[in-house]
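The values are calculated or read from the model by the stated rules, or taken from the named source; none is laboratory data. Values in this document were obtained by computation on a predicted structure and should not be read as measured data. Here the Cβ positions follow ideal geometry from the backbone for every residue, glycine too, while neighbour counts run over all protein chains shown.
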Amino acid sequence: MDRITYAIFTDKSIRLLEKNQYTSNVESGSTRTEIKHWVELFFGVKVIAMNSH
């Protein structure tokens, strides 16, 4: 889980928590597939969709 660096807590991200949507910062160079795998493995959930930029 070394590529997910920290969770982001802003007004918007806190509102998204109510919808079970999470916001975090990841290391540059991480692929969407890697991030999805880490989240599913670490949190024990199925990732349905992911946005990145």
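So here's what we get for this one:
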{"item": "Number of the condition not met by K12 [criteria: (1) under 12 Å from the mean Cα position of the chain (by Cα); (2) at pLDDT 90 or above]", "result": "(1)"}
{"item": "The lone exception for T33 - which of (1) modelled with pLDDT of 90 or more; (2) part of a loop (DSSP other than H, G, I, E, B) it fails", "result": "(2)"}
{"item": "Check on V39, surrounded by 11 or more Cβ atoms within 10 Å (Cβ to Cβ) and in contact with a helix residue (DSSP H, G or I) (Cβ under 7 Å, 6 or more places away or on another chain)", "result": "no"}
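Yes or no, residue by residue, for (1) out of contact with any helix residue (DSSP H, G or I) (no Cβ under 6 Å at 6 or more places or on another chain); (2) surrounded by 10 or more Cβ atoms within 10 Å (Cβ to Cβ); (3) free of Cβ contacts under 8 Å to residues at least 12 places away in the same chain:
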{"position": "I8", "(1), (2), (3)": "yes, yes, no"}
{"position": "E18", "(1), (2), (3)": "yes, no, yes"}
{"position": "Q21", "(1), (2), (3)": "yes, yes, yes"}
{"position": "S30", "(1), (2), (3)": "yes, yes, no"}
{"position": "I48", "(1), (2), (3)": "yes, no, yes"}
